[in-house]
1. Please state which one of VAL21, VAL53, VAL39 is part of a strand (DSSP E or B) and more than 24 Å from ILE159 (Cα to Cα).
2. Would you kindly identify the strands (runs of 3 or more DSSP E) lying entirely within the stretch 165-262 that contain at least 1 residues that are more than 8 Å from the ligand (Cβ to nearest atom) and more than 26 Å from GLU109 (Cβ to Cβ)?
3. For the stretch 170-207, how many residues are over 16 Å from GLN135 (Cβ atoms), of a type in the set (Val, Ile, Thr), crowded, with 18+ Cβ neighbours inside 10 Å and over 15 Å from the mean Cα position of the chain (by Cα)?
Amino acid sequence: EPMRMIEFRRMPYDKKQILLVVRDVTQWLRLEQMRRDFVANVSHELRTPLTVVQGYIEMLQDPQSMPPEMWQKAQSMMLEQTHRMDSLVSQLLTLSKIEANDRPDTSHEIDVPGLLSTIAEEAKTLAEERNLSIQLFVESGLMMKGDLMQMRSAFSNLIFNAVHYTPDGGHIKIHWQRCATGAEFAVRDDGDGIAAEHLARLTERFYRVDRARSRKTGGSGLGLAIVKHALSHHQSSLNIESELTFGSTFSFIIPTSLIYIK
Ligand code: ADP
């Protein structure tokens, strides 16, 4: 049981009595702390690429400080950093949209097999450069009701994570099939895996196992937080199994009430 914070306040009531107000502010303080951490994290994440871009612009302003053959490199570095900021901002917007919408309309019919093959195609372009294989095992006609934007974010973040965190030459398998309680989605990779002590915190915003690696892949640290929220709106939750050096499986079950066959 965590420590509780209690606020006592004595209020004058009338001449003979006082009113004592006792309030448990534990939850309020916790939320306040989370909000402060969040703002600090966002600022830090944006400042790093901004500093790099600023540095190059200053160097380019003074042509003597940089030989012309370096200009090309400076430009591509700046572009890379602006892409990073752009992807962080779009992930932030996605997360805040999903969080704000606590009762999303889950009545839309989502063609999951179609959606998965589109995402897998997008991922393959990236995977081919690194000799990664992506295989789809999908039950055709297995559809779900839900919010398309949210489910697309969930599938896409998990599939792209598998691509980003699996070393060259690895294998990724994507499953979508009926199970006893609904339909199960799973993405397995044979990458480096994640040590047990990190698993519980992985869906926290900005939590990363390896900061440098996540940066290199353009990661914002928000992907799994988005997945967690999107799934909670579809009566589902993320399951992570991982073993160091053997790889990871990220999976979830969409309940029967949201599943239909076409
Ligand atoms: P990021 O933008 O850094 O990828 P995520 O929230 O999507 O942020 O993931 C959080 C962290 O979880 C990643 O930084 C990475 O350390 C770890 N992770 C996610 N997916 C995988 C995976 N398939 N294999 C190994 N590590 C993973």
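1. None of the others qualify; the one that does is VAL21.
2. 171-179, 182-189, 239-243, 247-255
3. 1
Laboratory data are not the source of any read-out in this text; all were calculated from the coordinates shown. Since we're looking at a predicted model, the values are computed, not measured. Don't worry about glycine lacking a Cβ; one is built from the backbone with ideal geometry, like all the others, and counts go over all protein chains shown.
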